[in-house]
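For reference, the structure is listed below as structure tokens.
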Amino acid sequence: FDKAIGAVMDFAEQDGETLVIVTADHETGGFSINQGSSMDTIVGTFNSASHTADLIPVFAYGPGAELFSGIYENTAINYKIKKLMGLTEENNR
């Protein structure tokens, strides 16, 4: 992963017109706090079998990277990319 991203970043830096976006669609390895028992205990586990509610970072470099700051639903990434490409619902068919 590091080598691949390094090569992509090198290309983007030399090219000057390439936007690099690195993210994931969900997180599965985070620490989860499950419901406690009737004795008011809290059970904490590392979850690797299902999604967690952790926020997923989006790293962007290049022209338009500023659109990828802040917190938003992951489905917004698609619309941000379309906006940068000049695509709208009308001309995206």
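The values are calculated or read from the model by the stated rules, or taken from the named source; none is laboratory data. This one's a predicted model, so the numbers in the text were calculated from it and none came from an experiment. As a convention, Cβ positions derive from the backbone with ideal geometry for all residues, glycine included, and neighbour counts pool all protein chains shown.
Data overview
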read-out	value
Test: residue in region 32-44 that is in a loop (DSSP other than H, G, I, E, B), closer than 30 Å to Ile81 by Cα and at pLDDT below 70	no
Subset of region 67-89 [among the hydrophobic types (A, V, I, L, M, F, W, C) and either under 18 Å from His26 (Cα atoms) or in contact with a Pro (Cβ under 8 Å, 6 or more places away or on another chain) (or both)]	Phe68, Ile71, Ala76, Ile77, Leu84
